[in-house]
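The values are calculated or read from the model by the stated rules, or taken from the named source; none is laboratory data. Small disclaimer: the values here were computed from a predicted structure and weren't measured. We place every Cβ from the backbone using ideal geometry, glycine too, and count neighbours over all the protein chains shown.
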Amino acid sequence: MLPIITQASNVKEHIFIENHSSQLYRRQFDGDDTKQILLRDGFNIMRNADYPDDEHFSDLHLTYTGSNMNGFGDFLIVGDRYNPSDGRPYAVAIHISYLDEDNDMHTRHFISDRTESRADVPGKFQEAVEKLVLELNDRDSKLLHSNACNEYIELCNNRHYPGLGYVKKLSMQHHLELIADFLSR
């Protein structure tokens, strides 16, 4: 039996969060006239100091049509779980998504060298952003030179710490620019 929502004439899209709706449940909506969009949380939340240099993020942007979906989405580089913090981390991490040679999406994590105390967050940001800028300046880098990355370069060169919220905003902006670049090809 189809869910009652499939009978509502004003429903134009069904948005499914992958880990909260089974494929069997999603199949019940096949065949109606609504668009179906699948969201995947590809970001693995952990302590900043524990992130690997590189990890897989998602291939949903490549595979969503094979799942009978009309669109895809994700939760950027923040994940779908609320993570309270007092704002002073032991390590500063800058998370930058990129596409590899097969267009599979990964995340690079640029971590400050110092990870043992909560002191000197601005200095730790400088350590992390210098690593990002080195990667961006590497001719073999796979990172998209987005507007957000250009702003990271400017922050690094000016040795300016804008606050952790702004750092996260730039990483989110970069992710959106990456997806927009991919879709425009």
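Things to note:
- Residue match in region 110-121 (condition: within 19 Å of Met46 (Cβ to Cβ), surrounded by 12 or more Cβ atoms within 10 Å (Cβ to Cβ), at pLDDT 95 or above and among the aromatic types (Phe, Trp, Tyr)): yes
Let's see how each residue does on (1) under 19 Å from the mean Cα position of the chain (by Cα); (2) modelled with pLDDT of 95 or more:
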residue: Arg88; (1), (2): no, no
residue: Glu135; (1), (2): yes, yes
residue: Asp140; (1), (2): no, yes
residue: Cys156; (1), (2): no, yes
residue: Ala180; (1), (2): yes, yes
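- When each of Glu135, Glu127, Glu151 is tested for being in contact with an Asp or Glu (Cβ under 6 Å, 6 or more places away or on another chain) and in a helix (DSSP H, G or I), the lone residue that passes is Glu127.
- Of all residue pairs spaced 6 or more apart or on separate chains, those with beta-carbon atoms under 7 Å, a first member in region 128-141 that is farther than 19 Å from Asp100 by Cβ and a second member that is in a helix (DSSP H, G or I) and of a type outside the set (A, V, I, L, M) are Val129/Tyr152; Val129/Cys156; Glu130/Cys156; Val133/Tyr152; Val133/Cys156.
Per-residue answers, yes or no, for (1) touching a strand residue (DSSP E or B) at 6+ places or on another chain (Cβ under 8 Å); (2) among the β-branched types (Val, Ile, Thr); (3) touching a residue at least 12 places away in the same chain (Cβ under 8 Å):
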| site | (1), (2), (3) |
| --- | --- |
| Ser146 | no, no, yes |
| His160 | no, no, no |
| Leu164 | no, no, yes |
| Met172 | no, no, yes |
| His175 | yes, no, yes |
| Ala180 | no, no, no |
| Ser184 | no, no, no |
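- Strands (runs of 3 or more DSSP E) wholly inside region 30-123 that include at least 1 residues being within 25 Å of Glu151 (Cα to Cα): 54-58, 71-74, 93-99, 105-111
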